Amino acid sequence: MADRVTVIGWDGSPLTEAARSALSAATLVAGAAHHLALPEVPPGAERIRLGSVDLAARRVATHRGTAVVLADGDPGFFGVVRTLRAPEHGLEVEVVPAVSSVAAAFARAGMPWEDARIVVAHQRTLRRAVNVCRAHPKVAVLTSPGAGPVELALLLDGVHRTFVVCEELGTDREQVSVLTSDKAADHTWRDPNVVLVIGGPAGGPPTAPWLMGQDPAARTVRGWGLPTEEYDSEDEVPGTGPASPGAGTDPALRAAQLARLGPRTGDLVWDIGCSGGAFSVEAARFGAAVIAVDADPSACARTERAARRHGVPLQTVQGRAPHVLESLPEPDVVRIAAGGVPVVTACTDRRPERIVAHASTRDEAEAIGAALGDGGYAVESLLLQTVGLDPDDWSERERSVVFLLTGRRIDRAP
């Protein structure tokens, strides 16, 4: 095992005295090509080109001598320190930090960033990173080859965002470009780069945050499964009045649907038959990206208005399911409030993790349950009954009875 392992962060600034001292004593140096070309690297040290950090960690672990690993930015922030400290390598490391590439990118843009979400995009996480960009107004994306500004822009099709693309931060070739997301795919970008994805609904007056990422109390009311009137704004646009109440709008049903779908950050939710937007808004409040679909343009308008009222970003798509679903990006969970069996079948073909639907009659519930089962989903069926009571005399005010169908995807063995 190496006698000593020092991880040095590099942000383009001159190396600190501690970094130069560690390098001067190194018998092995691992890093990218531009790190290994630094004049402070001892000419007699063994040099390892840092491609796979895991492979480099194995070599460092077997080295008898003093090892240094060079990395861009802060190596403890989405960096090499986590891999080097993994139990299988048994390495104890000293870290000489530097300014992270995220901090540098926001500094170049002149923006605060304690309210930003930060994601790593590579080919297997790209879709989830894009969903975070859909759902949050300020996201820093640490990119990788095949998951860069072009791919982000293409997957954000239909969602307007501003990109701040920071290429080769800290080097002589550093360049910062500001453009709209629909233009980003027209360019060729140099690696490595950080993309700041900015956009979404305008918030209220700025407040002093207390939590990194997003203040959970800043833009939303407390609770979920809220009464329908929380989403039917009194400031109606002519021709887009509140949705007609029905079994599918009951807050208790909405709460049960949310509980079974469990929307979360990184997910994309389809809300098919969004009506007044209550479910869409509440799913977005959990941090998920939401596409709200309805054939009625006034329903889309109400949903957009509800989203603005509650300060959450979402996308509405006006069109009739199942045909309009063909062009939508892949969902993680789906709520179906309209369209019946044809829509259920179209959704099972896309293989989301979970699907919920409801029905007002037993025959309709049986048909939906059969479609979910045929599509490869384990089915749960419940009959939900809620009765609103007057607290003064405990008399019944209103009653809702509805079937709730939940499908959980059965992952077939390859």
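The values are calculated or read from the model by the stated rules, or taken from the named source; none is laboratory data. Bear in mind that the values here come from a model prediction, so they are computed numbers and not experimental data. Positions of Cβ are generated from backbone atoms using ideal geometry, with glycine treated the same way; all protein chains shown enter the neighbour counts. In case anyone asks, the SASA skips ligands and DNA or RNA and just uses the protein heavy atoms, side chains included. Shrake-Rupley method; radii C 1.70, N 1.55, O 1.52, S 1.80 Å.
Per-structure values
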{"read-out": "W210, W10, W270, reordered so the largest accessible area comes first (probe 1.4 Å)", "value": "W210, W10, W270"}
{"read-out": "Solvent-accessible surface (1.4 angstrom probe) belonging to S280, in square angstrom, nearest 10", "value": "0"}
{"read-out": "Dimensions in Å of segment 8-138 - Rg and Dmax from alpha carbons", "value": "16.5, 51"}
{"read-out": "R0 of 35 Å, Cβ-Cβ distance E330-V176: FRET efficiency to nearest 0.05", "value": "0.65"}
{"read-out": "Heavy-atom accessible area ranking, 1.4 Å probe, most first, across M212, M111", "value": "M212, M111"}
{"read-out": "Percent RCO, i.e. relative contact order, over segment 285-379, from Cα pairs under 8 Å lying at least 6 residues apart", "value": "21"}
{"read-out": "Dipole of the chain, positive end: most advanced residue of I48, V102, G213 [Cβ charges, Cα centre]", "value": "I48"}
{"read-out": "Charge dipole (segment 79-124, unit charges on Cβ, about Cα centre) - positive-most of Q123, G90, P112", "value": "Q123"}
{"read-out": "Modelled FRET efficiency - R0 35 Å, S13 with R82, Cβ distances, 0.05 increments", "value": "0.90"}
{"read-out": "P(r) tail fraction, segment 11-54 - alpha-carbon pairs more than 15 Å apart, %", "value": "40"}
{"read-out": "222 nm mean residue ellipticity, helices alone, for the chain (DSSP H n ≥ 4; -39,500 (n - 2.57); rounded to 500)", "value": "-7500 deg cm²/dmol"}
{"read-out": "Where labels lie 7 Å past Cα in the beta-carbon direction, separation of M212 and L382 in nm", "value": "3.7"}
{"read-out": "Rounded to whole Hz, the Karplus (6.51, -1.76, 1.60) HN-Hα couplings of segment 308-325, x for glycine and proline", "value": "5, 4, 9, x, 10, x, 7, 10, 9, 10, 8, x, 9, 7, x, 4, 5, 6"}
{"read-out": "Charge dipole (debye, nearest 20) of segment 2-70; +1 at Cβ of Lys and Arg, -1 at Cβ of Asp and Glu", "value": "240"}
{"read-out": "Cα-based helix-to-principal-axis angle, 53-62 vs the chain, degrees rounded to 10", "value": "40"}
{"read-out": "Table column - 3J(HN,Hα) (Hz), segment 25-38, Karplus curve with 6.51, -1.76, 1.60, x for Gly and Pro", "value": "9, 6, 9, 9, 10, 10, x, 6, 4, 6, 6, 5, 8, 4"}
{"read-out": "Long-range HN-HN contacts of V29 with modeled amide H, under 5 Å", "value": "E46, R47, I48, V68"}
{"read-out": "Solvent-accessible area, 1.4 Å probe, carbon plus sulfur percent, for segment 21-133", "value": "53"}
{"read-out": "Cα gyration tensor of segment 27-84 - equivalent ellipsoid semi-axes, whole Å, descending", "value": "17, 15, 9"}
{"read-out": "Relative contact order of the chain, pairs being alpha-carbon contacts under 8 Å that are 6 or more residues apart, as %", "value": "11"}
{"read-out": "Distribution of pairwise C-alpha distances over the chain, 20 Å bins, in %", "value": "24, 44, 25, 7, 0"}
{"read-out": "Angle between the chain longest axis and helix 362-374 axis [Cα atoms, degrees, rounded to 10]", "value": "30"}
{"read-out": "Length gained when the stretch R222-R362 is fully extended (0.36 nm per residue, less Cα-Cα span)", "value": "46.9 nm"}
{"read-out": "Segment L36-R64, extension gain: residue separation times 0.36 nm, minus the distance between their alpha carbons", "value": "8.1 nm"}
{"read-out": "Under-5 Å amide H pairs with G266, H placed in peptide plane, nonlocal only", "value": "V132, A289"}
{"read-out": "Residue list for segment 371-398, given a label point 7 angstrom along the Cα-to-Cβ vector of T345 and an amide N cut-off under 14 Å", "value": "371-376"}
{"read-out": "Check: the chain dipole with +1 on Lys, Arg Cβ and -1 on Asp, Glu Cβ, in debye", "value": "1140"}
{"read-out": "Spin-label model distance (nm) - D374 vs D411, 7 Å beyond Cα toward Cβ", "value": "2.7"}
{"read-out": "Extension gain from A25 to Q318, taking 0.36 nm per residue of separation minus the Cα-Cα distance", "value": "99.0 nm"}
{"read-out": "Principal-axis tilt of helix 340-349 within the chain, Cα atoms, nearest 10 degrees", "value": "20"}
{"read-out": "For segment 271-282, Karplus couplings with θ = phi - 60° (6.51, -1.76, 1.60), whole Hz, Gly/Pro x", "value": "10, 9, x, 6, 6, x, x, 4, 5, 4, 5, 5"}
{"read-out": "Mean shadow area of segment 318-414 over all directions, Cα convex hull, nm²", "value": "8.2"}
